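The values are calculated or read from the model by the stated rules, or taken from the named source; none is laboratory data. Just so you know, these numbers come straight off a predicted model, no measurement behind them. Note that we place each Cβ from the backbone using ideal geometry, even for glycine, and neighbour counts take in every protein chain shown.
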Amino acid sequence: MTKKESALAVVAKVSGKDPEELTPDAELVANLGMDSAKALELLVELEDQLEIEFSDEDAAKLNTVGDILAFVERLES
């Protein structure tokens with residue numbers, strides 16, 4: 001499983017959505033119904049599963065599923 005696939009699996013788990021439902025433009029708050037507690041849970045899970053660390057600045061830029069996938073892609077390159 002790639003890091004992007006792992007990230008998508010984490011988003012699905014935390015949001016309670018099927019991975020197939022998650023589109024890059026899906027907003028974490030508006031479309032996936034995440035509140036600040038769920039968003040924090042998502043960041044912690046992503047850090048644990050992908051063995052990465054988000055700065056506060058990076059975390060503030062993660063508003064959509066696509067933002068998360070793009071961040072992970074940058075880490076892989």
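For V65, the test of being hydrophobic (A, V, I, L, M, F, W, C), surrounded by fewer than 15 Cβ atoms within 10 Å (Cβ to Cβ) and at pLDDT 95 or above is failed. When region 1-33 is filtered for residues that are in contact with a helix residue (DSSP H, G or I) (Cβ under 7 Å, 6 or more places away or on another chain), assigned to a loop (DSSP other than H, G, I, E, B) and within 18 Å of A70 (Cβ to Cβ), the ones remaining, listed by number, are L22, T23, P24, D25, A26, L28, L32. Among the residues of region 5-23, none qualifies, meaning not one is in contact with a Gly (Cβ under 7 Å, 6 or more places away or on another chain) and surrounded by fewer than 17 Cβ atoms within 10 Å (Cβ to Cβ).
Inside region 44-72, can you point out the residues that are over 18 Å from E5 (Cβ atoms), of a type outside the set (D, E), touching a helix residue (DSSP H, G or I) at 6+ places or on another chain (Cβ under 9 Å) and not in a loop (DSSP other than H, G, I, E, B)? Listed by number, the list holds a single entry, A59. A single entry from A70, A26 fulfils the requirement of being surrounded by 16 or more Cβ atoms within 10 Å (Cβ to Cβ) and out of contact with any Pro (no Cβ under 6 Å at 6 or more places or on another chain): A26.
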